[in-house]
Amino acid sequence: MADDPAYSDDMPATGTFDATFRARFAELVRLRRDVRRFRPDPVPEEILREALNLAHLAPSVGFSQPWRFVRVEDVARRERVAASFRRANAAALAATAPQDRALYARLKLEGIREAPVQMAVFCDETTQTGRRLGARTMPETRAFSTVCAIHTLWLALRAHGVGMGWVSILEPQVVARVCDAPEGWRFIAWLCIGWPEEPHAQTPELERLGWERRLKLDDLVHKL
């Protein structure tokens, strides 16, 4: 980040943070929710730039930095993505267990038309940055690295009160064509970004609506 004075190698870093910071960070993580309902108010460019700068500091295998962010402002392109969602969502609804279909049909799963900022995120699986260090045996770690950048972006935006929603019910090849993605770029996420229409809640919406419950941590941590 040499071009950004906010990220200087000369800045001191103690590596420790006080209890107040840790408590606020825990609050930030709990309040990072998937937002689907947005106000139309624009998001200031300086907030987006700051959040993207922080996302660009995410860990990546072999320091490959494979994330590629594509901001889609063209209305016609956005509409093609919205149409892709409608097709994919209809197929998902049809494949849902009969007893869950009524609840699924009531879920709002995207904000493609409402959110003022729309962004596709790709992983450049052909990048030579990092010289494939760590990715020869597990090439999928480049995609994992891209997800780390997305999560960092999510937290950075939330710290400003800006919401983000990750839309995955899409046809990847269609989105790649909409974004003129080069061959070798793998579609990872479509992000809807904007000011939330309602206050952030610590409990995920899908949990509040009864779609799923949070698992117990002890059931997910194994010892050998």
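Each value in this text was obtained by applying a stated rule to the coordinates, not by laboratory testing. Because the structure is a prediction, the values reported are computed rather than measured. As a convention, Cβ positions derive from the backbone with ideal geometry for all residues, glycine included, and neighbour counts pool all protein chains shown.
For GLY163, the residues whose amide H sits under 5 Å from its own are GLY194, TRP195, ignoring neighbours fewer than 5 places away on the same chain, with H placed 1.01 Å from N. With the cut-off at under 13 Å, measuring from each backbone N in segment 164-193 to a point 7 Å along the Cα-to-Cβ line of LEU93 picks out no residue.
Across LEU57, LEU206, LEU103, mean-square fluctuation computed from a Gaussian network of the chain (C-alpha pairs under 10 Å connected) peaks at LEU103.
Of the complete DSSP H runs in the chain, those spanning 20 angstrom or more by Cα along the long axis with a mean Kyte-Doolittle score not below -0.5 are 75-95, 141-158. Under 5 Å between amide hydrogens, which residues at least 5 positions from VAL117 or on another chain qualify, with H placed 1.01 Å from N in the peptide plane? Correct list: ILE193. The value given for segment 135-224 is a Kirkwood hydrodynamic radius of 16.3 Å, derived from the mean inverse Cα-Cα separation. Tell me which of ILE112, CYS123, VAL174 sits at the most positive position along the dipole axis of segment 91-196, charges placed on C-beta atoms (Lys, Arg +1; Asp, Glu -1). Positive-end residue among those listed: CYS123. Across segment 130-140, rounded Karplus estimates of 3J(HN,Hα) from the backbone phi angles (6.51 cos²θ - 1.76 cosθ + 1.60, θ = phi - 60°) give x, 6, 6, 4, x, 10, 5, 7, 9, x, 5 Hz, Gly and Pro being marked x.
For the chain, the residue among PHE69, ALA189, ALA55 whose Cα projects farthest onto the positive side of the dipole built from Cβ charges is ALA189.
Taking other C-beta atoms within 10 Å as the exposure proxy, LEU153, LEU107, LEU52 rank LEU107, LEU52, LEU153 from fewest upward.
Would you please put 168-176, 187-195 in order of how densely packed they are, using the mean number of other Cβ atoms within 10 angstrom per residue and starting with the highest?
On the way: 168-176: 17.2, 187-195: 22.7.
Highest-to-lowest ranking by the protection proxy: 187-195, 168-176.
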